[in-house]
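S.K.: Here it is, the structure in full.
The values are calculated or read from the model by the stated rules, or taken from the named source; none is laboratory data. On a predicted model such as this, the values are computed, not experimentally measured, just so you know. Neighbour counts run over all protein chains shown; Cβ positions are idealised from the backbone, glycine included. Just the protein is used for accessible areas: all its heavy atoms, side chains included, with ligands, DNA and RNA removed. Shrake-Rupley method; radii C 1.70, N 1.55, O 1.52, S 1.80 Å.
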Amino acid sequence: MAKWVYMFSEGNANMRELLGGKGANLAEMSNIGLPVPQGFTITTEACTQYYEDGRKINDEIMAQAMEGVKKMEELNGKKFGDLDNPLLVSVRSGARASMPGMMDTILNLGLNDEVVEAMIKGNPDPKFERFVYDSYRRFIQMFSDVVMEVGKKYFEQLIDKMKEEKGVKFDVELDAQDLKKLAEQFKAEYKKQLGEDFPSDPVEQLKLAIEAVFRSWDNPRANVYRRDNDIPYSWGTAVNVMPMVFGNLNDNSGTGVAFTRDPATGEKKLMGEFLTNAQGEDVVAGVRTPMPISQMEEKFPEAYSDFIKVCHTLEDHYHDMQDMEFTVENGKLYMLQCRNGKRTAHAALKIACDLVDEGMKTEEEAVAMIDPRNLDTLLHPQFDTAALKAATPLGKGLGASPGAACGKVVFTAEDSVEWAAKGEKVILVRLETSPEDITGMKSAEGILTVRGGMTSHAAVVARGMGECCVSGCGDIIMDEENKKFTLAGKTFHEGDFISIDGTTGNIYEGIIKTVDAQIAGEFGRIMGWADKFRKLKVRTNADTPTDAKKARELGAQGIGLCRTEHMFFDEDRIAAFREMICSDTVEDREKALDKILPYQQSDFEQLFEVMEGDPVTIRFLDPPLHEFVPNTEEEIKKLADAQGKTVEDIKAIISGLKEFNPMMGHRGCRLAVTYPEIAAMQTKAVIRAAIAVSKKHTEWEIVPEIMIPLVCDIKELKFVKKVVVETADEEIKAAGSNLKYEVGTMIEIPRAALTADDIAKEADFFCFGTNDLTQMTYGFSRDDAGKFLDAYYDQKIFENDPFAKLDQTGVGKLMDTALKLGRPVNPKLHAGICGEHGGDPSSVEFCHKIGLDYVSCSPFRVPIARLAAAQAAIAESRQ
């Protein structure tokens, strides 16, 4: 019989795949003697089984769960559903990878009217009565929201109404009778929404709660989070059931969340928050803004000193910064969770370096522990210091996630998505964020919340996304209904500009100037280590000297793709290029191209200058000609006059260039086959530029790499290569130079990959253009696929966008095949990748595995690729 349930005493930290992160860590904490309430974990395999059984929990799983309850009763000396000494439990999700706020938790399960009454009877203290009703109303609210999917808002409105009637500001100020009344109102609301009574049988409550956790693995926000963080759907989530400990028992109890180091800066100091007389959810949901953890020492000196010991134990044990949830019940400390904490990119680098300096990690382990995608945020713009000095902050919240953000105010996640889709930069302003806001948070430049601390949902998720966030600005007077808020006497409406600083927590009116990020210190150290371990070289995709210079600063070792067509769109050049398109004879075409030649040559000279002898791969003209023709009547008339033709003639030429399927039309090397003079002009420009720069800098060895795009047949490559070689050799001879150059091809058509043994005979190098290769392999147009891919994600046909993350099964097989066919024929063949995939960590790892020589990506992704390449080499060496 399969084992679906493990007691905490039966697991350990290495069982993440089966017990999920939370379950494995609860078991590990139990093993090393920390105070964990003893419960059990239902495995991730049970989650998979639940979906296979048509979203039902089978009898065997449920029977093992009840067996777990029985053992838990024995360990804790209380009984589930008992009136004398009832055992109440919490039910929490816990996937293999941490997904903060994405899935669901239910506390105080096992309460019903009879249990509540019996508990109060056994303890006459009026404060205890208040605690029981507080726990009951919380349970009804959470169970209704999480398990039965009745919205939270109905219950929150009832609480707000009750507070208003009593003239109080906080939930804590409501007394036992108020809470009793609320519990009744909540049950009535439940019945009104669902047409049935609130379930009173604890076993039924438990079964429904376990199902709800499994179900939450497939909720929309979890699906979005998984897609963004490369977490496979097949992993499933585990469920953790453990005895409740009550932070809301009395004023000698409380709950908190803490990090052993600061998750925003990485500084080595305890950082966290604590609420007296509260349950864990209050801290994370940000309903009350909590006090800093240091104040816990005055309130609970004993529990605090125990907690400090636990922090040291956990960090020494896991060798990483820990994020912990704990509760104090009647002055005694209980640990409810620990995990490697989510952190900002800046903190990740500092912590990794500090751990090496403290002797806890090797350089190799430090490189392996940083998520490459996080580095992106280090390179984001910061506010200009002078502009900040000149501005006066209107208000201040907590700097929950660093960065600089300016944009128009929006009040809902939906508006954020909608406005961002139209190209607007927005700041999402909310009372507090909840997990269903995730898509809106992603679309916004930054997030500002009225409630919540450094460990609230908004803060944790923003840090994980690398997005700027200011939380808990209590001075804001919020009016969500009418989409406006007031701060420092000034009212902001939807669409007004504000700027927020996620480092200081300051909020400013209007737009503040930003500047490029400065990178140094730990970034340089980690990158230095990464470069020691990696085997793949990293180049950049750059068409301008500015881009190339930036990429070199970030560690690029050459240009893997220079798209020459971007150079044709300047005012002076486009006119000449349009003349070429509209010419009737080869002579006229050559005359027009001669006008462009000096411009192209100067472009290439500047690139060779910036790259100082590092390789530069120049792709010849790729897009179809219709992309260059004029659109407006005025431009058409101008072209007609210049050509001595009528407007009608020009319009006829333009309509003749229109294609049904331009992506598969007259483009790439097909243009060079029809108009060899284009390839000849581009060759002259490249070779002349290389000769000129080589003369100036004799110490550099410049070897231009000329790349022919969209080849599908060796005869095609031979034809274009002949034009290139004849032109180049003539130029080199005329200049009396001994310049070397290479001619290679892009592999972006499946046929080219499948006949790579032929093509390699004529090519000095291959470069995989995976944007087109993905498009041609799937038969998707990348410009239109967005319209239907969402349905593919919903139906679990795809887990992510094949244009963002390389499809290793299909497209990857073509790449692997091309290398295996090409290299034996041409042992000198070097190969790289230059699609967008060159900066995606999982794609970089694949490129390492199949033995590419380099990856090429946009300038700001160069550090990501360097780190990902190092991690791929480290992972391989550990196998």
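S.K.: Just need a number here: residues in the range 370-384 that are open to solvent by 50 Å² or more (accessible area, probe 1.4 Å) and within 25 Å of residue 13 (Cα to Cα).
M.R.: 1
S.K.: Ok, one more. How many of the residues making up the range 159-212 are of a type in the set (Lys, Arg) and touching a residue at least 40 places away in the same chain (Cβ under 8 Å)? Lay out the reasoning, then the answer.
M.R.: First pass over the range 159-212, keeping only residues of a type in the set (Lys, Arg): 161, 163, 166, 169, 180-181, 187, 191-192, 207.
So of that shortlist, the ones also touching a residue at least 40 places away in the same chain (Cβ under 8 Å) come out as 180, 187, 207.
Total meeting the criteria: 3.
S.K.: To continue, here is another question. Name every residue in the range 693-724 that is under 13 Å from residue 739 (Cβ atoms), β-branched (Val, Ile, Thr), open to solvent by 10 Å² or more (accessible area, probe 1.4 Å) and touching a residue at least 12 places away in the same chain (Cβ under 8 Å), in order of residue number.
M.R.: The answer is 702, 703.
S.K.: Looking only at the range 385-416, filter to residues that are in contact with a helix residue (DSSP H, G or I) (Cβ under 9 Å, 6 or more places away or on another chain) and surrounded by fewer than 17 Cβ atoms within 10 Å (Cβ to Cβ); which one of those is farthest from residue 448 (Cα to Cα)?
M.R.: 414
S.K.: Looking only at strands (runs of 3 or more DSSP E) that fall completely inside the range 445-544, which ones have 3 or more residues that are within 19 Å of residue 415 (Cα to Cα)?
M.R.: Details: elements: 446-449, 468-471, 477-479, 484-487, 490-493, 497-501, 506-509, 537-541.
Once the strands (runs of 3 or more DSSP E) in the range 445-544 are filtered for at least 3 residues that are within 19 Å of residue 415 (Cα to Cα), what remains is 446-449, 497-501.
S.K.: Taking the range 355-407 only, how many residues are under 12 Å from residue 508 (Cα atoms) and in contact (Cβ under 8 Å) with a residue 60 or more places away in the chain?
M.R.: Residues flagged as under 12 Å from residue 508 (Cα atoms) and in contact (Cβ under 8 Å) with a residue 60 or more places away in the chain within the range 355-407 amount to 14.
S.K.: Turning to a different aspect of this structure: Which one is nearest to residue 209 (Cα to Cα), of the residues in the range 31-52 that are in a loop (DSSP other than H, G, I, E, B) and not polar (S, T, N, Q)? Break it down stepwise before answering.
M.R.: Going through the range 31-52, the residues in a loop (DSSP other than H, G, I, E, B) turn out to be 32-39, 43.
Still in the list and also not polar (S, T, N, Q): 32-37, 39.
Numbers: 32: 29, 33: 29, 34: 27, 35: 25, 36: 21, 37: 19, 39: 16 Å.
Per the stated criteria, the residue is 39.
S.K.: While we're here: Output the number of residues of the range 748-775 satisfying the condition of being closer than 24 Å to residue 803 by Cα, of a type outside the set (Val, Ile, Thr) and not in a strand (DSSP E or B).
M.R.: Residues of the range 748-775 closer than 24 Å to residue 803 by Cα: 748-756, 765-775.
From the residues that got through so far, the ones that are of a type outside the set (Val, Ile, Thr) too are 748, 750-754, 756, 765-769, 771-773, 775.
Next, from what is left, pick out any that are not in a strand (DSSP E or B): 748, 750-754, 756, 769, 771-773, 775.
Selection size over the range 748-775: 12.
S.K.: Report, ordered by the first and then the second residue, all pairs with beta carbons closer than 7 Å, sequence separation of six or more or different chains, a first member in the range 483-497 that is on the phi > 0 side of the Ramachandran plot, and a second member that is open to solvent by 60 Å² or more (accessible area, probe 1.4 Å) and part of a loop (DSSP other than H, G, I, E, B).
M.R.: Going by the 7 Å Cβ cut-off, the qualifying pairs are 483/494.
S.K.: Restricting attention to the range 559-595, and to residues there that are of a type in the set (Lys, Arg) and in a helix (DSSP H, G or I), which single residue is most open to solvent (accessible area, probe 1.4 Å)? Outline the logic, then answer.
M.R.: Here is the first cut: in the range 559-595, the residues of a type in the set (Lys, Arg) are 563, 573, 578, 589, 591, 595.
Okay, now just the ones that are also in a helix (DSSP H, G or I), so 573, 578, 589, 591, 595.
Values: 573: 27, 578: 39, 589: 32, 591: 136, 595: 101 Å².
Looking at residues that are of a type in the set (Lys, Arg) and in a helix (DSSP H, G or I), I get 591.
S.K.: Could I ask something else about it? Are any of the residues in the range 53-70 within 29 Å of residue 311 (Cβ to Cβ) and either open to solvent by 30 Å² or more (accessible area, probe 1.4 Å) or assigned to a helix (DSSP H, G or I) (or both)?
M.R.: No, the conditions are met nowhere in the range 53-70.
S.K.: Now a separate question. Being of a type in the set (Val, Ile, Thr) and over 18 Å from residue 231 (Cβ atoms) is the filter here; which residues of the range 753-808 pass it?
M.R.: Taking the range 753-808 first, the residues of a type in the set (Val, Ile, Thr) are 755, 759, 770, 774, 777, 797.
Those that are of a type in the set (Val, Ile, Thr) and over 18 Å from residue 231 (Cβ atoms): 755, 759, 770, 774, 777.
S.K.: If you don't mind, there's one more thing I want to ask. For the range 419-439, enumerate the residues that are open to solvent by 60 Å² or more (accessible area, probe 1.4 Å) and touching a helix residue (DSSP H, G or I) at 6+ places or on another chain (Cβ under 6 Å). Show your work before the answer.
M.R.: Within the range 419-439, the subset open to solvent by 60 Å² or more (accessible area, probe 1.4 Å) is 421-425, 436.
Residue satisfying the conditions is 436 alone.
S.K.: Right, another one. For the range 338-370, what are the residues that are in a strand (DSSP E or B) and out of contact with any helix residue (DSSP H, G or I) (no Cβ under 6 Å at 6 or more places or on another chain)?
M.R.: 340, the sole residue that qualifies.
S.K.: Further question: Name every residue in the range 625-641 that is touching an Asp or Glu at 6+ places or on another chain (Cβ under 9 Å) and surrounded by fewer than 20 Cβ atoms within 10 Å (Cβ to Cβ), in order of residue number.
M.R.: Answer for the range 625-641, where residues must be touching an Asp or Glu at 6+ places or on another chain (Cβ under 9 Å) and surrounded by fewer than 20 Cβ atoms within 10 Å (Cβ to Cβ): 626, 627, 628, 640.
S.K.: Sticking with this one: Can you say whether residue 471 is of a type in the set (Ser, Thr, Tyr) and either in contact with an Asp or Glu (Cβ under 7 Å, 6 or more places away or on another chain) or open to solvent by 20 Å² or more (accessible area, probe 1.4 Å) (or both), as far as the supplied structure shows?
M.R.: No, not satisfied.
S.K.: Right, another one. Need the failing condition index for residue 283 against (1) part of a loop (DSSP other than H, G, I, E, B); (2) out of contact with any helix residue (DSSP H, G or I) (no Cβ under 9 Å at 6 or more places or on another chain), just the number.
M.R.: Unmet condition: (1).
S.K.: Oh, and also: Residues 274, 307: which one is open to solvent by less than 20 Å² (accessible area, probe 1.4 Å), of a type in the set (A, V, I, L, M, F, W, C), in contact with a helix residue (DSSP H, G or I) (Cβ under 8 Å, 6 or more places away or on another chain) and part of a strand (DSSP E or B)?
M.R.: Unique residue meeting the criteria: 274.
S.K.: Does the range 277-304 hold any residues that are more than 19 Å from residue 452 (Cβ to Cβ) and open to solvent by less than 20 Å² (accessible area, probe 1.4 Å), and which are they?
M.R.: Result: 300, 303.
S.K.: How many residues are small (Gly, Ala, Ser) and either crowded, with 19+ Cβ neighbours inside 10 Å or within 40 Å of the chain's Cα centre (by Cα) (or both) if we restrict to the range 107-162?
M.R.: 4
S.K.: So which residues in the range 664-692 are polar (S, T, N, Q) and open to solvent by 20 Å² or more (accessible area, probe 1.4 Å), if there are any at all?
M.R.: If the condition is that a residue be polar (S, T, N, Q) and open to solvent by 20 Å² or more (accessible area, probe 1.4 Å), then 674 is the only one that fits.
S.K.: OK, next. Being in contact (Cβ under 8 Å) with a residue 60 or more places away in the chain, surrounded by fewer than 21 Cβ atoms within 10 Å (Cβ to Cβ) and within 28 Å of the chain's Cα centre (by Cα) is the filter here, so list the residues in the range 806-840 that pass it.
M.R.: Once the filter is applied, which keeps residues that are in contact (Cβ under 8 Å) with a residue 60 or more places away in the chain, surrounded by fewer than 21 Cβ atoms within 10 Å (Cβ to Cβ) and within 28 Å of the chain's Cα centre (by Cα), the range 806-840 yields only 836.
S.K.: Which count do you get for residues in the range 604-634 that are part of a helix (DSSP H, G or I), closer than 26 Å to residue 668 by Cα and modelled with pLDDT under 95?
M.R.: Total meeting the criteria: 4.
S.K.: Considering only residues that are under 22 Å from residue 802 (Cβ atoms), β-branched (Val, Ile, Thr) and surrounded by 23 or more Cβ atoms within 10 Å (Cβ to Cβ), look in the range 841-879 and name the one that is nearest to the chain's Cα centre (by Cα).
M.R.: Across the range 841-879, the extreme among qualifying residues is 864.
S.K.: Is it true that some residue in the range 653-663 is in a loop (DSSP other than H, G, I, E, B), touching a helix residue (DSSP H, G or I) at 6+ places or on another chain (Cβ under 7 Å) and open to solvent by less than 20 Å² (accessible area, probe 1.4 Å)?
M.R.: For the range 653-663, residues in a loop (DSSP other than H, G, I, E, B), touching a helix residue (DSSP H, G or I) at 6+ places or on another chain (Cβ under 7 Å) and open to solvent by less than 20 Å² (accessible area, probe 1.4 Å): absent.
S.K.: Give me a count of the residues in the range 665-692 that are touching a residue at least 12 places away in the same chain (Cβ under 8 Å) and over 13 Å from residue 622 (Cβ atoms).
M.R.: Of the residues in that region, 16 qualify.
S.K.: Turning to a different aspect of this structure: Kindly indicate which of 237, 260 is open to solvent by less than 40 Å² (accessible area, probe 1.4 Å), within 27 Å of residue 205 (Cα to Cα) and under 25 Å from the mean Cα position of the chain (by Cα).
M.R.: 237
S.K.: Can you tell me which residues in the range 119-142 are free of Cβ contacts under 8 Å to residues at least 40 places away in the same chain, farther than 24 Å from residue 191 by Cα and assigned to a helix (DSSP H, G or I)?
M.R.: Matches in the range 119-142: 119, 120, 121.
S.K.: For the range 331-344, state whether one or more residues are among the hydrophobic types (A, V, I, L, M, F, W, C), crowded, with 21+ Cβ neighbours inside 10 Å and under 14 Å from residue 463 (Cβ atoms).
M.R.: no
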